Every structure is written in structure tokens, then in C-alpha cells.
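Down below is the structure, laid out as C-alpha cells.
The values are calculated or read from the model by the stated rules, or taken from the named source; none is laboratory data. This is a predicted model, so every value here is computed, not measured. Glycine gets a Cβ as well: all are built from the backbone with ideal geometry, and neighbour counts include every protein chain shown. Heads up: the accessible areas ignore ligands, DNA and RNA and are worked out on the full protein's heavy atoms, side chains in. Shrake-Rupley method; radii C 1.70, N 1.55, O 1.52, S 1.80 Å.
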Amino acid sequence: MIAGATRGVGGAALARHLMSRKGGQTVEVMPARHLMGDTLQEQIDDLVMTSAHGRTSRPVHHLHIDPPPEALNPDEIIEVYLKHYEAEFGLQDAPRAGVFHLKDGRRHAHVVWSLVRDDGSILSLGHDRLRREKVSRIVEFECGLRLTKGKHNRAAAKRLREEGRVDVADAMQAAGLLEGRRPVAHSTPRERAQEERTSVSIDDIRTEALAAWKAGHDPKEFAVSLHAFGSTVARGKRGLVLIDSGGGTHSLNRTLAAAARAAGEATITAAAVRERLKGIRFQTIEEVKDARMERRNSKRGEGSTGDVGAPSSAIGIAERSGGRGKTDRRTESAVDCNRGNSGAPYEGSAASRKRFRDLVAARTLKVDLQQINEKKDSIMRTIRAKEYKAEILAKVAPRGFKVHAFADDLHMVKTPAPGRSSVRVLTRDGGWVEFDIPSKVVRTWGGVGRAQLLAGALAKSIGCDPERLEIAGTVARPKGAPRVANCTDKSVELLVRWWIERGYTATSAPAGCWVSAGSTRIRDTGEQLEFHGVLSDAAIAAMMVKARDAWDGGLRLEGDWSQAEKDKIWMAAKRQGIELENCSPSSFAERTWQLESENVDWRNRTISAIRSKIVEAQELVNAAQGDKSALRVLPRPLQAFLASYLDDEQRVSLASRALADIIPELDRFRDLGIAELQKIEAEGRTFNVPKPDERGGRRENILSLR
């Protein structure tokens, strides 16, 4: 039987995929566990919200279970599989939702769990492919199904024997599953899900890629051939990828290898791909997709721009439609019903707004009317500040987004500025949300809480999944560097100005200054830099700037950096002469630095030698032209070569030659000069270098050199 799993953030895209009735597929929603929603979309939203406190950016685990087509009891098989799967991964009490699909007479299931425990820790999915195959073999054995030959069968059988399921391991051995070469799957669960989402066949992609590969050995021909099929090569995070016509991404190495394997041809290795495509700098995935979007927009022509988002107020007073003088009748009714019958039915909007604010303040702050009167000024300032921030967010949020639900959470709203097209929101509990509607990007960093919920709501309105930038690690001021003042408002403003002077985008916040460096966000407290997201080259460059200009050329690593990240930081510090503490590079990084240093030394020595030969050749030409001062600074063998070995005609010829012709001959000239000195010594003569003319002239008759 087939079972595959993925891990992600959940959201509307997952719900749409599970509820899809594409191709005549029927959908039946499973009973949920520990979730309040009635529909699958609401259940997944509940599952994501209950996972917001978890220390992960991918709290949702999605499993699909496909019983064999010939099975007569698919529901029983799915139930048995879920029982063993939850026991294997500790999911027995985790919140759960799911659906049954029936397509072409075949019934299968999709199940979604939360991986976040009550304390915020995450359930482990280590070695999930091996453990999933082990569960599959147990279910096949218990349900009387044909045992499948999987990639990890040997390891699964060993694990089964260790856990006391010798009966299943013996059945696998008897069926011949533990012998021969390991099978290779046609496609991964991710590839199958992407194929279903984009409607672009993985087999077609592989066939086209192999045809382009065989079209010629020139890398440009390969790229042009792929472009003719509607595909593009781009740079991914782990190497080159193939972007198909539907926007799906595929590993270029694996696509070509699978295509060659399916065609029965020689294996196309990753080294062969690198060798053919070396020297070409491809665009990133984001750049390719942006270029495609621009082309599509240019073909459509200019449409109506409209407003980015309809303005709204935190308390619902702002006008939605109609003329300037019209107020919201629902607001007036709400005010009237709470003030009794003590005025005209249509009193001014200012008075109506005042009464409504008093009502909101009383309900929100849970104080009586007397306290409102006593603290009226401060309360109204607070409410006006909330309204103002909510109105700012409403102007740049997606159309129809319900800003009022998050009005109490807004601490700061940063609208787009030159060099930054995205909107940034700082919530009161210290979390950041950044969103860009045209690019369909929503990401969060910093504190986990209301920012996570705001990001989820914005992502749902925009039509994407939120991205969480987790803490990669921290670096701190070295022990010998001067101490920095506590993180006060004044010190934060000084930090912001410090980063801006160096060309970075920086924003002040209560917990410190936030700096943007590529795709990484950095929190600077003066004493420490905290990195959120993937450690980009721009982030490492910012780290070196801080160490060089603020920490006396040193820094200390803190936190759980991976070895690859440590190596990148160590190499950057070595290149810039930064003293790095608490960082042990790998042997590979040390060898790489040694080779790089040797190459630099060799290059410097080579350049120095070339410069010396140029100077030497120029002095030789000057001396051949009659400059005795130039002759005296030459090495003695070259003096003997010029003044004794050559005759007058030869010196005249040498004086007219170009430096480029003389430099390769310098070593030969030197050897001839040494031989000439030995000859003079053997004859009992003494070689004396002519002195410069006392009158200071630089050009004398060449014949006077003898």
C-alpha cells in the first residue's frame, strides 16, 4: 500500500486541496478530534491557531493513506493504519482532522495533525520514511495484503525484530523483500501533490528535460531548449532547479537522473550537470517567477488600479460608501439604542462617535462611568491611537480584511517606503508581521502570539501561507570590547541611526533595533545580534560590519548554530580579519581557508615578481640607451651582459625593443652575464661598471659604456 506525509504551516491552501472535487472526485469529511470547527477549513484554522505557541514554523503534519485498488475493505485498512501510525509517532491525543476521497472507484484518506504539545515542544518525526514503511508492512501483514518492496525494508525488518514483531519481519523475509537492489519510487509525495496542483505531468517534465539535455552540449542551447518547452532553469537554495510552465519547481539533477533511468540510458550525474552548466549565473526562483508575472501583466495591459484596501476604523465609524455627509446608519442605531431617547434621531457624527467611544472604553477596560470621567483624557488618547493605527493598516491591508479584530494588538504599522515595498506591523506582545500583497508574501518573526494569528488572517486574505522566520542563532560583543548601555529608547534610536548610516534598513522597537539584511531579520540590542530566518550572505556581511565598527573587530558566537553556518561565519571573519570566539570550524573549512590563503600568497608573489621584472627590463632598456645611472642599479650579471657581452650594434637593437619582448628573455640575459663574468675572471681581468657623468647627464654615447 502507498502512504506519504508532508509537514507545513496548514492554512487555506491545504483545506482547498483536501476539499477539491477535481476530476469527479467525491469528498467526505472525517469526524474531527479536539477541534471546534464544523467545516474542514474551520477545523484546520483551529488546528493552526492552537499550534501558535509551538516552537516551530511548520506545526502541521499531513498524511495520505492509499489502500490497494483491489482491497475490499479500504475503511478497515485506513483505520488500522491510523492506529499504528499514531502509536508510532505519539499522535494518539493530538488534534486531528481529515477527509476521505473516492476517485475512479479507489478510496483513500488524508489526515492532518498538530505536532505541538501543550508545553510548546514538538513531536519528533525523525526517520519518518523508515518508520512509515514499518507501519505499512505491519498493516499489510495484519490485513492480509500483498507485502510491498520498499526502499527501507531491511532497516524496517531490523526495527521490527527489535520491537518484538518477529512475525512481520519473517513474513517480509519469506516474501523476498530483503534481497536484491532497493527499488526507486517513480515520484515523491511532494512531486505528486505538485503535479495535482499545477496539472503539469512529471513524466512530461522529465521527457522534455532529457530532450533538451541531448539537444547539444552547449549550456545556452540547453537553456533555450528548455525555454521552448515552457520551462526555466533557476537557482534554488540547494542547487539548480527546473521551473515548469505551471510554476512548479523540480530538482534539475534528480529530474535528469530520473529521465535517463526511465529511458534506460546512462546515468546523468550531478557532476555532469554542474560541468555542463558551469559559468552561467542563472536567476533565482523568485526572480524567474517575478519576470513571468510581469510578462503576464504586460500582456493584459493596464487595468484599473483602484484602492489597495478600503479604509476602515477600529470601531466601524468610517464611511463605507455614499457622500461625505452620510454616516453609517448601523453605527447611529447602535448609539441610539444605548443612550435612550434623549435627543434628535439624527444628531451629528462627532457626538455619535464620542458616545460610541465611551461605550467601547467602558466595555474594553471594564470600568464604570465614574472612572471613565476621571480618566477620560487618557482613555480617549488610547482609543484614538488604536483607531489611527487601525486606519493605517486598513489602507494597506487586502480589500475586505477585518482590521478591527486586531486593533488592540497594533503597536506600530510601517507603510511601504523607498527601497521596501512591504508593510510591517509590530504587535504589542513583541511579534513582527511583514506582508506584500503583489508578491503574496506573509512572514513573521520575533515573539509568537498575536502576530502569528494576524499573519494567518492576512495570509488567508491574500491567498498564501505564512512563513515563520525562526531564530538561527546569536552573536555577542566579545569580552574585551567596550560595554554598551542598556536598551533604552535613546540607545535604540542611536542604533537605528548607526545602521542607516551604513546603508541598512533599520526600525526601532521596544526590545531593540530590527535590521533587514537580505531575507534575514536581525535584532540588535547593542550587546547582541539575534538572527531570524536563513543565515544569508547579507546577514553575515552585517555581522562583520557590527564586529568591525562597534565591537573592536571581534565577536562571540552564541546559540545553536549549525556546523555549516559556523563555517560560513568563520570564513567571513578570516577574510576580514575579525577575531571570532566560541567557533570551531570543520576540517573542510580549515582546508578551504588554507588553500585560499595559499592562492592569495601565490598571487601576491606572482604580481610582485612581475612588477620587479618590469622595473628590471625598463632599467635594462634605459642602460642600453646610454643611461649609466640605470646601468649601476642593475644586478651585476645584467651589467656584465649589457656592458661586456653585447657589442654596440646589439645594444642599439636592445634599446629599441619593447618591454614585453625583453621580460621573457631576462633569465637568459642573466645567465649570459654570469658566463661573461666567469670569462673575465678566468682571463685575470676585472669588470668595472662605468660611473655616471659628473655633469649629471643621463644620456651618453653607448660606445662609452666600454
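Only one residue in Arg137, Arg190, Arg132 is modelled with pLDDT of 90 or more, under 22 Å from Ile78 (Cβ atoms) and touching a strand residue (DSSP E or B) at 6+ places or on another chain (Cβ under 7 Å), so which one is that?
Testing whether each residue is modelled with pLDDT of 90 or more, under 22 Å from Ile78 (Cβ atoms) and touching a strand residue (DSSP E or B) at 6+ places or on another chain (Cβ under 7 Å) leaves just Arg132.
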Item to check | Selection from the stretch 217-245 of residues that are free of Cβ contacts under 8 Å to residues at least 40 places away in the same chain, out of contact with any Gly (no Cβ under 8 Å at 6 or more places or on another chain) and open to solvent by 10 Å² or more (accessible area, probe 1.4 Å) | outcome: Asp218, Glu221, Val224, His227, Ala228, Phe229, Gly230, Arg238, Gly239
Item to check | Whichever residue in the stretch 621-668 is without any contact (Cβ under 8 Å) to a residue 40 or more places away in the chain and among the hydroxyl-bearing types (Ser, Thr, Tyr) and, among such residues, is nearest to Thr686 (Cα to Cα) | outcome: Tyr645
Checklist entry - Looking at (1) surrounded by 18 or more Cβ atoms within 10 Å (Cβ to Cβ); (2) in a loop (DSSP other than H, G, I, E, B), which is the only condition Arg685 fails? => result (1)
Item to check | Wholly enclosed strands (runs of 3 or more DSSP E) of the stretch 1-73 bearing at least 3 residues more than 26 Å from the chain's Cα centre (by Cα) and modelled with pLDDT of 85 or more | outcome: 26-29, 60-66
Checklist entry - For the stretch 80-89, does any single residue satisfy the condition of being crowded, with 19+ Cβ neighbours inside 10 Å, within 24 Å of Arg137 (Cα to Cα) and under 34 Å from the mean Cα position of the chain (by Cα)? => result yes
Item to check | Considering residues of the stretch 90-115 that are in contact with a Lys or Arg (Cβ under 8 Å, 6 or more places away or on another chain) and open to solvent by 20 Å² or more (accessible area, probe 1.4 Å) only, the residue nearest to His53 (Cα to Cα) | outcome: Pro95
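What are the residues in the stretch 420-444 that are open to solvent by less than 30 Å² (accessible area, probe 1.4 Å), in contact (Cβ under 8 Å) with a residue 24 or more places away in the chain and polar (S, T, N, Q), if any? Spell out how you get there, then give the answer.
Just the residues of the stretch 420-444 that are open to solvent by less than 30 Å² (accessible area, probe 1.4 Å), to begin with: 422-427, 431-436, 442, 444.
Subsequent filtering for residues that are in contact (Cβ under 8 Å) with a residue 24 or more places away in the chain retains 423-427, 432-433, 435, 442, 444.
Thr427, Thr444 - these are the residues of the stretch 420-444 that are open to solvent by less than 30 Å² (accessible area, probe 1.4 Å), in contact (Cβ under 8 Å) with a residue 24 or more places away in the chain and polar (S, T, N, Q).
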Checklist entry - Which is farther than 30 Å from Gly480 by Cα and in contact with a Gly (Cβ under 7 Å, 6 or more places away or on another chain), of Pro664, Pro637? => result Pro637
Checklist entry - Can you name the residue in the stretch 503-524 that is outside any strand (DSSP E or B) and within 23 Å of the chain's Cα centre (by Cα) and, of all such residues, is surrounded by the fewest Cβ atoms within 10 Å (Cβ to Cβ)? => result Gly503
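Might you let me know whether the stretch 560-576 holds any residue that is under 29 Å from the mean Cα position of the chain (by Cα), modelled with pLDDT of 85 or more, at positive phi and open to solvent by less than 70 Å² (accessible area, probe 1.4 Å)?
no
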Checklist entry - Restricting attention to the stretch 58-72, does a residue exist that is touching a Ser or Thr at 6+ places or on another chain (Cβ under 8 Å), open to solvent by 20 Å² or more (accessible area, probe 1.4 Å), in contact (Cβ under 8 Å) with a residue 60 or more places away in the chain and not hydrophobic (A, V, I, L, M, F, W, C)? => result no
Checklist entry - Are any of the residues in the stretch 161-181 open to solvent by less than 30 Å² (accessible area, probe 1.4 Å), in contact with a helix residue (DSSP H, G or I) (Cβ under 8 Å, 6 or more places away or on another chain), more than 21 Å from Lys83 (Cβ to Cβ) and assigned to a loop (DSSP other than H, G, I, E, B)? => result yes
Next on the checklist: I'd like the full set of residues that are part of a helix (DSSP H, G or I) and either crowded, with 17+ Cβ neighbours inside 10 Å or in contact with a Lys or Arg (Cβ under 7 Å, 6 or more places away or on another chain) (or both), limited to the stretch 598-631.
Outcome noted: Glu616, Ala617, Glu619, Leu620, Val621, Asn622, Ala623, Ala624, Lys628, Ser629, Ala630, Leu631
Next on the checklist: Testing Ala660 on (1) of a type in the set (A, V, I, L, M, F, W, C); (2) at pLDDT below 85; (3) open to solvent by less than 70 Å² (accessible area, probe 1.4 Å), one condition comes back false. Which one is that?
Outcome noted: (3)
Item to check | Members of the stretch 219-249 found to be in a helix (DSSP H, G or I) and either at pLDDT 85 or above or under 25 Å from the mean Cα position of the chain (by Cα) (or both), listed by number | outcome: Ala223
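Tally time: how many residues in the stretch 460-477 are in a loop (DSSP other than H, G, I, E, B), farther than 15 Å from Gly10 by Cβ and hydrophobic (A, V, I, L, M, F, W, C)?
The qualifying residues number 1.
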Checklist outcome for this item: In the stretch 7-23, residues that are open to solvent by 20 Å² or more (accessible area, probe 1.4 Å), farther than 12 Å from Trp113 by Cα and touching an Asp or Glu at 6+ places or on another chain (Cβ under 7 Å) total 1
Checklist entry - Of all residues in the stretch 27-55, which are out of contact with any helix residue (DSSP H, G or I) (no Cβ under 9 Å at 6 or more places or on another chain), farther than 18 Å from Ser461 by Cα and open to solvent by 20 Å² or more (accessible area, probe 1.4 Å)? => result Glu28, Pro31, Arg33, Asp38, Thr50, Arg55
Item to check | Qualifying residue in the stretch 451-472 (condition: farther than 30 Å from His17 by Cα and of a type in the set (A, V, I, L, M)) | outcome: yes
Checklist outcome for this item: In the stretch 532-558, anything within 21 Å of Gly518 (Cα to Cα), of a type outside the set (A, V, I, L, M) and not in a helix (DSSP H, G or I) is listed as His532, Gly533, Ser536
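Taking the condition of being among the small types (Gly, Ala, Ser) and assigned to a loop (DSSP other than H, G, I, E, B), how many residues in the stretch 113-156 meet it?
Residues that pass the stated criteria total 6.
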Next on the checklist: Under 6 Å between Cβ atoms, which residue pairs at least 6 apart in sequence (or on different chains) link something in the stretch 573-586 that is over 18 Å from Asp549 (Cβ atoms) with a partner that is in a strand (DSSP E or B) and of a type in the set (A, V, I, L, M)?
Outcome noted: Asn582/Leu557; Cys583/Leu557
Item to check | Number of the exception - Gly480 against (1) out of contact with any Leu (no Cβ under 9 Å at 6 or more places or on another chain); (2) part of a strand (DSSP E or B) | outcome: (2)
